[in-house]
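Working notes for the structure below.
The values are calculated or read from the model by the stated rules, or taken from the named source; none is laboratory data. Since this is a predicted model, take the numbers as computed values, not measurements. As a convention, Cβ positions derive from the backbone with ideal geometry for all residues, glycine included, and neighbour counts pool all protein chains shown. These area figures cover heavy atoms from the full protein model, side chains too; ligands, DNA and RNA do not enter into them. Shrake-Rupley method; radii C 1.70, N 1.55, O 1.52, S 1.80 Å.
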Amino acid sequence: MELYETDRLSPPQLAAMRRSMKNGRAALSRRTLLRASSGGVLAAGGLAGLSACGIPAATKQSGGTAADDHSKDEKRLHFSNWTEYMDVAEDDKNRRPTLEAFAERTGIKVKYTEDINDNSEFFGKIKPQLAAGQDTGRDLICVTDWLAARLIRFGWVQKLDPANLPHAYANLSAQFRSPDWDPGRAYSYPWAGISTVIAYNVKATGGREVTSVKQLLEDPKLKGRVSFLSEMRDTIGMVLLDMDKDPADFTDDDYDAAVARLQKGVDSKQIRRFTGNDYTADLTKGDIAACVAWAGDIVQLQADNPDIKFHVPDSGYITSSDNLMVPNNARHKLNAEKLIDYYYELPVAAELAAWINFVCPAEGVKPELAKIDKDIANDPLIVPDKAMAAKSHAFRSLDEKQETAYESKFAQLTGA
């Protein structure tokens with residue numbers, strides 16, 4: 001069986017994936033954290049085998065492949081999403097009000113499947129069909145930035161028709177409009193945003209605010225009670241911003257300098273450890289006084305503990321997104337586009353955001369959200385104001401060589 005070069009994962013990439021699935025984004029519950037996991041870690045051999053046994057190498061082309069669209073004759077679509085990433089009825093957890101309203105309005109029945117537990121794992125599910133030019137059986141999928149970029153690069157997702165997306169086009173927030181991997185959102189629209197900020201326990205800091213990465217790395221009063229994230233893009237991105245470097249446009253030397261700053265913090269024992277979401281328990285108890293954190297965690301922690309605070313550094317913060325895409329040869333592209341557009345209608349976007357508590361990508365949603373929950377509407381971690389949105393930065397796309405090199409250096413830093 002032949003393994004194709006585009007499908008091999010280096011040891012650093014495999015280590016990064018294992019970190020993510022064990023305690024990073026891949027391991028987190030959607031309602032209270034940031035990623036879901038069905039448990040277990042894919043073995044290296046099993047992962048490598050995804051590309052074997054005659055599956056052709058990934059094609060690198062512009063634009064995907066459309067099948068005959070059966071949307072007008074078949075009023076249905078299949079939507080694959082992460083677990084706990086959709087609103088549910090309070091009295092019946094099997095009911096999803098916004099999907100039911102869409103079906104009632106349009107006559108389109110949605111087969112909604114929560115079968116995305118991890119980006120790498122899901123890629124393994126759909127890769128054989130996509131590589132062979134076959135229908136995956138899914139009309140709409142929701143994947144994170146780096147996988148969305150890969151699917152576009154391979155030519156495995158379809159261009160969206162702007163004529164079918166009037167609300168999405170009009171209401172998409174400026175901070176999500178033009179990622180470097182999909183300029184102008186030709187192939188994708190964000191389902192939700194993920195923000196990386198600084199969090200601290202004000203009781204553990206003695207009442208002091210923690211406002212910068214510099215303070216995390218250098219404040220002697222925080223020594224041994226600081227954590228950074230085990231996700232390379234989030235941690236390095238925040239350090240680059242603190243160095244006045246752009247995470248969307250940095251050099252190898254800039255990256256090495258960021259790693260060196262963190263290494264100094266490790267060597268001096270300023271940094272206690274690198275974590276996935278498991279920082280939340282230590283932050284709540286005060287064992288960790290301050291850290292780099294995911295905003296979705298902080299929204300939930302603050303509901304139970306008023307001592308948990310967050311700060312967006314003047315230098316900015318890292319943002320990413322989970323994205324809706326239509327795979328090649330999907331049978332119901334028009335129906336999928338109608339569903340994408342539906343979730344950009346402001347009342348619908350508000351209903352979803354009120355339940356999932358992630359950054360809402362729809363501009364102008366705040367008045368509608370206030371009708372549901374004023375506290376959520378006024379939370380900048382869910383509805384960023386202009387000042388916060390202006391501070392958002394995305395970590396640039398990496399090619400295979402860069403990803404291998406960067407993950408290797410980061411793994412050495414964190415001891416992974």
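Annotations for the structure displayed:
- Helices (runs of 4 or more DSSP H) completely within region 138-224 that count 1 or more residues being β-branched (Val, Ile, Thr): 145-154, 213-218
- Looking across region 67-89 at every residue that is within 25 Å of the chain's Cα centre (by Cα) and hydroxyl-bearing (Ser, Thr, Tyr), the one that is farthest from Gly107 (Cα to Cα) is identified as Thr83.
- Filtering region 123-137 to residues that are over 21 Å from Met86 (Cβ atoms), not hydrophobic (A, V, I, L, M, F, W, C) and not in a helix (DSSP H, G or I) leaves Gly133, Gln134, Asp135.
- Just one of the numbered conditions (1) under 22 Å from Trp181 (Cα atoms); (2) among the hydrophobic types (A, V, I, L, M, F, W, C); (3) touching a Phe, Trp or Tyr at 6+ places or on another chain (Cβ under 7 Å); (4) at pLDDT 95 or above is not true of Met232: (4).
- Unmet requirement for Pro347, which otherwise passes all of (1) outside the structural domain of Tyr406 (by the TED database); (2) open to solvent by less than 10 Å² (accessible area, probe 1.4 Å): (2)
- Matching residues, region 227-256, being closer than 15 Å to Gln412 by Cβ and assigned to a loop (DSSP other than H, G, I, E, B): Ser230
- Any hit, region 393-404, residues being closer than 30 Å to Phe250 by Cβ, in a strand (DSSP E or B) and small (Gly, Ala, Ser): no
- Test for Tyr112: is it at pLDDT 95 or above and of a type in the set (Phe, Trp, Tyr): yes
- The residues of region 207-245 that are loosely packed, with under 15 Cβ neighbours inside 10 Å and touching an Asp or Glu at 6+ places or on another chain (Cβ under 6 Å) amount to a single one, Lys214.
- Failed item, numbered, when Ala248 is tested on (1) open to solvent by 40 Å² or more (accessible area, probe 1.4 Å); (2) among the aliphatic types (A, V, I, L, M); (3) without any contact (Cβ under 8 Å) to a residue 60 or more places away in the chain: (3)
- Enumeration of residues in region 93-104 that are in contact (Cβ under 8 Å) with a residue 12 or more places away in the chain and open to solvent by 30 Å² or more (accessible area, probe 1.4 Å): Arg96, Pro97, Ala101
- Candidates Glu84, Glu74, Glu90, filtered to the one that is in contact (Cβ under 8 Å) with a residue 40 or more places away in the chain and open to solvent by 70 Å² or more (accessible area, probe 1.4 Å): Glu84
- Residue in region 201-213 that is touching a helix residue (DSSP H, G or I) at 6+ places or on another chain (Cβ under 6 Å) and either of a type in the set (D, E, K, R) or more than 19 Å from Trp294 (Cβ to Cβ) (or both) present: no
- Search result, residues across region 98-122 that are outside any strand (DSSP E or B) and over 13 Å from Tyr342 (Cα atoms): Gly107, Asn117, Asp118, Asn119, Ser120, Glu121, Phe122
- Residues in region 153-206 that are in the same structural domain as Asp246 (by the TED database), within 27 Å of Ala354 (Cα to Cα) and surrounded by fewer than 19 Cβ atoms within 10 Å (Cβ to Cβ): Val202 alone.
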